[in-house]
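S.K.: Could you have a look at this structure, given as structure tokens, before my questions?
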Amino acid sequence: MTAPNPLSDWQLQCAYRTLAGGGVIAYPTEAVWGLGCDPWDEEAVERILELKQRPMDKGMILVAASVQQVRFLLDALPPEIQRKAEQHWPGPVTCLLPDVHEQVPEWVRGRHSTIAVRVSDHPVVRALCEKAGRPLVSTSCNPAGRQPARYSWQVRRYFGDQLDRIVPGALGGNRQPSRIIDIVSGQQLR
């Protein structure tokens, strides 16, 4: 059972307008603060990559509010692979799914034929994705080589006014970033 959305209607609407306008936001996730944007907005994704000093070829995670939001990826997979992925969600597990029809832009997928996907049970993440009506980019809020932000003051220290919005909220109860599992091989990568 997920917790209710802790954001006010006004906070959620402001965050949505920022995302819809091509903005980059910081928001709390299960374990660390994340940076997010609309994954189909190339300029917004490029801004996150620049902020993080991260090469595009590494790829990014898509985070969703529900399995339905990532159904477009799951439907191309065999039923047993779909079931394996769905067993991990919602929760702090990121599954590498084959992007069979290359539906996710290369600026999110990177050099990979898979896409990292998590269906979150964090109330702020779920509220943001539900309001957007689609998955969002989710990557740890830190420059490359630095520790991911665990507090909003760290978000401000790392990125100051370079972000379009910092969405308020508390981290979930996880101390470690999400596990990453290759859903086809079953191999745990993190």
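The values are calculated or read from the model by the stated rules, or taken from the named source; none is laboratory data. What you see is a predicted model; the values in this text were computed from it and never measured. We place every Cβ from the backbone using ideal geometry, glycine too, and count neighbours over all the protein chains shown. With ligands, DNA and RNA removed, areas are computed over all heavy atoms of the protein, side chains included. Shrake-Rupley method; radii C 1.70, N 1.55, O 1.52, S 1.80 Å.
S.K.: As an exercise: evaluate residue 90 against (1) outside any loop (DSSP other than H, G, I, E, B); (2) open to solvent by 40 Å² or more (accessible area, probe 1.4 Å); (3) touching a strand residue (DSSP E or B) at 6+ places or on another chain (Cβ under 6 Å) and give the number of the one condition it does not meet.
M.R.: The failed condition is (1).
S.K.: I'm checking my understanding of the structure. Among residues of region 150-173 that are modelled with pLDDT of 95 or more and among the hydrophobic types (A, V, I, L, M, F, W, C), which one is surrounded by the fewest Cβ atoms within 10 Å (Cβ to Cβ)?
M.R.: The extreme case among them is 153.
S.K.: Please tell me if residue 117 is open to solvent by less than 30 Å² (accessible area, probe 1.4 Å) and either part of a helix (DSSP H, G or I) or out of contact with any helix residue (DSSP H, G or I) (no Cβ under 8 Å at 6 or more places or on another chain) (or both). Please lay out each step first, then the result.
M.R.: On the way: open to solvent by less than 30 Å² (accessible area, probe 1.4 Å): yes; either part of a helix (DSSP H, G or I) or out of contact with any helix residue (DSSP H, G or I) (no Cβ under 8 Å at 6 or more places or on another chain) (or both): no.
For residue 117, the condition - open to solvent by less than 30 Å² (accessible area, probe 1.4 Å) and either part of a helix (DSSP H, G or I) or out of contact with any helix residue (DSSP H, G or I) (no Cβ under 8 Å at 6 or more places or on another chain) (or both) - is not met.
S.K.: In region 67-87, what residues are open to solvent by less than 60 Å² (accessible area, probe 1.4 Å) and either of a type in the set (Lys, Arg) or touching a Cys at 6+ places or on another chain (Cβ under 8 Å) (or both)?
M.R.: If the condition is that a residue be open to solvent by less than 60 Å² (accessible area, probe 1.4 Å) and either of a type in the set (Lys, Arg) or touching a Cys at 6+ places or on another chain (Cβ under 8 Å) (or both), then 69, 71, 85 are the ones that fit.
S.K.: Out of (1) among the charged types (D, E, K, R); (2) assigned to a helix (DSSP H, G or I); (3) open to solvent by 60 Å² or more (accessible area, probe 1.4 Å), what's the single condition that is false for residue 54?
M.R.: Every condition holds for residue 54 apart from (2).
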